[in-house]
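As C-alpha cells, the structure follows; a few thoughts come after it.
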Amino acid sequence: LQIEIEIMKKNTTAVPVLLTDLENMGFDRKLILIEKCNIAIIGQNWEFLCTLLDTISLEAPDNLLGLKCSLVYCLVVSGDSAKTNDVLLHALHVIEKLYYNDPLPYIIDIIELVHCIGAENASVLKNSIKTLENLWPANKESYDLAIQLGYAYLLLQQPKKAIDFYKQASKLQQAKQEPIVKLVMCSLMLDELDEAESSLDFVKEVFSSLQ
C-alpha cells in the first residue's frame, strides 16, 4: 500500500527504497528489478535505469520485461540503432522460445512499443518491418499485424505501401475507425484529395451508425 501511495505522489526516489525493503523480505528479486526499472522510466532517471539494466542483463538476460525496458532506454536515451536492433532481435528470440504456440500477439506488442518510441529511427523501423513482413504470409487474417505494418510504412513516409495494409485491416475489422482514418492520412500525403474525401465520407457514415 505504501508503494502505491508513493507512486501516486510520483515520489520516484522513495519507491526504489521501499522495493528494496520488499526484496529483503524475500520477494522475487527479478520482479523487484523490473518494478525499479519502471519507476526509473517514469522518473526519467536514466542513469539509475542503466545500472538496473546492467544487473538484469547479468541475472536475467532473457527476461522479456527487462528487454522491453532496455528497448525504452535504447530508443529514448542512447539512440544507438545497432544496440536497439540487437535488443529487439533478442526479445523476438525469447518470445519465439517462450510462446512458440502463439508468438504473434507478443511480437506485435513489442513491435508496437518500438513504433511508439522509435518513430524517427529509420534503421529500427526497417528492422521491425522485416520482422512483420516475414509474419504476414501466414497471418493475413490478423488485424493487429496489418495495422502495425501500415503504421510502420507510414512512419517511413511510404504511404502507398501503408495503404495496402490499412485496406486489408479495414476489410478484417469493418467497424474499426483507425484504418479508415489512416487511409485518409495516406491519401493526403499522396495529394489524392478525391480519395481522401471519399474515405472521410465513409468515416462520417461509420460515426453516424455508431451514435
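The values are calculated or read from the model by the stated rules, or taken from the named source; none is laboratory data. Just so you know, these numbers come straight off a predicted model, no measurement behind them. Here Cβ is always computed from backbone atoms with ideal geometry, including for glycine, and neighbour counts include all displayed protein chains. Surface accessibility is based on the protein's heavy atoms, side chains included, excluding ligands, DNA and RNA. Shrake-Rupley method; radii C 1.70, N 1.55, O 1.52, S 1.80 Å.
Against the condition of a type outside the set (Phe, Trp, Tyr), open to solvent by less than 50 Å² (accessible area, probe 1.4 Å) and at pLDDT below 85, how does Val72 come out, does it pass? Taking the combined requirement at face value, the residue does not satisfy it.
Among the residues making up segment 84-103, those that are more than 16 Å from Leu71 (Cβ to Cβ) and either open to solvent by 30 Å² or more (accessible area, probe 1.4 Å) or touching a residue at least 24 places away in the same chain (Cβ under 8 Å) (or both) are Glu96, Lys97, Leu98, Tyr99, Tyr100, Asn101, Asp102. One residue alone among Leu145, Leu113, Leu135 is of a type in the set (A, V, I, L, M, F, W, C), at pLDDT 90 or above and under 24 Å from Val76 (Cβ atoms), and that residue is Leu113. Every listed requirement among (1) open to solvent by 20 Å² or more (accessible area, probe 1.4 Å); (2) more than 21 Å from Ile147 (Cα to Cα); (3) at pLDDT below 90; (4) not β-branched (Val, Ile, Thr) is met by Asn63 save one, (3). Answer yes or no as to whether Tyr106 is open to solvent by 40 Å² or more (accessible area, probe 1.4 Å) and within 15 Å of Leu135 (Cα to Cα). Answer is yes for this residue.
For segment 111-143, a residue qualifies if it is within 20 Å of Leu92 (Cα to Cα), under 15 Å from the mean Cα position of the chain (by Cα), without any contact (Cβ under 8 Å) to a residue 40 or more places away in the chain and open to solvent by 30 Å² or more (accessible area, probe 1.4 Å), and the qualifying residues are Glu112, Cys116, Ala119, Lys126. Looking only at residues of segment 88-134 that are among the acidic types (Asp, Glu) and outside any helix (DSSP H, G or I), we find that the one that is farthest from Leu145 (Cα to Cα) is Glu120.
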